[in-house]
1. Residue check: is VAL130 within 16 Å of the ligand (Cβ to nearest atom) and either on the phi < 0 side of the Ramachandran plot or not in a loop (DSSP other than H, G, I, E, B) (or both)?
2. Starting from the range 218-240, keep only residues that are in a helix (DSSP H, G or I), then list their pairs with residues that are open to solvent by 10 Å² or more (accessible area, probe 1.4 Å) and aliphatic (A, V, I, L, M) whose Cβ atoms are within a distance under 7 Å, requiring at least 6 positions of separation or different chains.
3. Could you please find all residues in the range 340-384 being open to solvent by less than 40 Å² (accessible area, probe 1.4 Å) and farther than 30 Å from CYS236 by Cα?
4. Just name the residue that is least open to solvent (accessible area, probe 1.4 Å) out of those in the range 125-150 that are within 14 Å of PRO357 (Cα to Cα) and in contact (Cβ under 8 Å) with a residue 40 or more places away in the chain.
5. Could you list, in sequence order, all residues of the range 243-258 that are in a helix (DSSP H, G or I) and either charged (D, E, K, R) or within 16 Å of the ligand (Cβ to nearest atom) (or both)?
6. May I ask you to list pairs of residues, at least six apart or on different chains, whose Cβ atoms are under 6 Å apart, with the first in the range 20-47 being within 20 Å of GLY98 (Cα to Cα) and open to solvent by 20 Å² or more (accessible area, probe 1.4 Å) and the second being assigned to a helix (DSSP H, G or I) and within 16 Å of the ligand (Cβ to nearest atom)?
7. Inside the range 206-222, can you point out the residues that are surrounded by fewer than 22 Cβ atoms within 10 Å (Cβ to Cβ) and either within 16 Å of the ligand (Cβ to nearest atom) or small (Gly, Ala, Ser) (or both)?
8. With the requirement that a residue be touching a Ser or Thr at 6+ places or on another chain (Cβ under 6 Å) and either of a type outside the set (A, V, I, L, M) or without any contact (Cβ under 8 Å) to a residue 40 or more places away in the chain (or both), what does the range 190-207 give you?
Amino acid sequence: MRPPIDSKLPRVGTTIFTVMSRLAAEHGAINLSQGFPDFEPPGRLVDLVDGHLRRGGSNQYAPMAGMPRLREAIAGKVAAYYGCNVDPETAITVTSGGTEALFCAIQAFVGAGDEVILLDPAYDSYEPAVTLAGGRAVRVPMRRPHFSPDWERVRSALTQRTRLLVLNFPHNPSGAVLTADDLQVLAELLRDSPALVLADEVYEHMIFDGRRHHSLLTHAELAERSLVVSSFGKTCHATGWKVGYCVAPAALTAEFRKVHQFVQFAVATPLQAGIADFMAECPEHARELPAFYQSKRDRFAELLGETRFRLTPAASTYFQLADYSAVSDLPDVEFARWLTTQCGVAAIPISVFSAQPPAAERIVRFCFAKHEATLAAAALKLRNL
Ligand SMILES: Cc1ncc(COP(=O)(O)O)c(C=O)c1O
């Protein structure tokens with residue numbers, strides 16, 4: 001008998017990021033689709049990791065929750081940026097990228113029949129994790145044109161079955177950010193709800209024009225019910241290393257770790273040791289990220305100024321949304337394919353992040369975490385449209 005295969009994720013295919021990067025490679029297109037830098041991590045960080053690899057002593061399993069030195073460095077950073085004290089021993093877990101942290105949080109807290117609110121457009125890993133946990137994703141669209149959270153619709157979506165509200169600010173793909181008022185409204189909204197918050201803050205250090213990132217950790221009442229996720233992949237220009245972490249109160253962390261210890265157990269030791277050293281030695285790296293990425297954003301906007309794409313400068317992240325309605329009336333998935341195969345520049349269609357994308361929306365996402373020459377070469381092609 002041929003064993004039957006009942007897919008647990010029947011509606012899931014290959015992610016759009018893989019699809020577009022593959023298409024870009026096949027057609028020799030400039031890849032501004034998937035979010036990763038085309039430049040290297042800081043040389044000093046690479047040297048520190050290299051030192052740990054070669055010296056020995058850091059090549060076996062790390063502690064399950066993460067190396068104490070790295071957790072202490074993270075606690076120091078959280079105190080410096082968000083003014084709150086978190087205990088590295090009981091509140092911080094190092095994970096295999098933000099993705100693993102998101103997955104473990106969802107598995108730890110979502111059960112059969114639970115509802116999880118996602119704000120659309122939503123990063124693509126959330127819903128499959130909810131489905132695998134037996135839960136149901138409830139999608140709440142963000143408000144156009146600025147992609148701000150629509151708290152009234154969130155309020156209407158909240159039920160006694162809501163176990164988790166997933167937030168992602170700074171927001172991929174729009175670059176939208178939360179305000180202090182948003183946090184206050186959210187705190188009031190959740191006061192009588194059993195829901196936890198899963199805050200995906202992997203772009204916490206890429207925020208522009210003098211804005212501040214309002215982490216859920218800055219709001220004492222919300223922090224009590226939140227799991228906050230970040231990623232060294234983003235902060236250190238090292239997406240391939242897949243090192244991230246989750247900060248949450250001790251009782252939530254205890255449950256989170258029960259899952260983490262059987263999904264990943266421990267994260268690459270030399271990477272953790274090198275990142276811990278780097279955070280101690282070069283704290284200015286994270287402080288300089290806003291200016292570093294803001295100048296890329298501005299340069300990219302300047303280059304695209306000579307095209308028929310319409311941009312509102314991104315407030316955060318390393319993504320820029322571009323309205324292409326003056327170029328084409330194709331729906332965005334078709335347009336992104338056409339752009340890749342015919343124009344030689346790959347982008348991400350943003351409708352794939354939503355359950356019910358607005359039919360008339362003509363927007364793609366470009367990643368500007370690229371060398372000046374890459375952005376200039378892409379703009380040259382886009383100018384022909
Ligand atoms: C919103 C968001 N969350 C999580 C991740 C995954 O982070 P990591 O690469 O650290 O797993 C990404 C990566 O693109 C992202 O954009």
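1. yes
2. Every condition considered, the pairs that remain are ALA223/LEU217; LYS234/VAL202; THR235/ALA286.
3. Answer for the range 340-384, where residues must be open to solvent by less than 40 Å² (accessible area, probe 1.4 Å) and farther than 30 Å from CYS236 by Cα: CYS343, GLU361, ARG362.
4. PRO141
5. Scanning the range 243-258 gives GLU255, PHE256, ARG257, LYS258.
6. Here the result reads GLN34/PHE17; GLN34/SER21; PHE36/THR239, each pair linking the range 20-47 to a residue that is assigned to a helix (DSSP H, G or I) and within 16 Å of the ligand (Cβ to nearest atom).
7. The answer is GLY210, HIS213, ALA220.
8. Matches in the range 190-207: VAL197, ALA199, GLU201, TYR203, GLU204, HIS205.
The values are calculated or read from the model by the stated rules, or taken from the named source; none is laboratory data. All values derive from a computational prediction rather than experimental measurement. Because the Cβ atoms are built from the backbone with ideal geometry, glycine has one as well, and the counts that use them run over all protein chains shown. All accessible areas refer to the heavy atoms of the entire protein, side chains included, with ligands and DNA or RNA removed. Shrake-Rupley method; radii C 1.70, N 1.55, O 1.52, S 1.80 Å.
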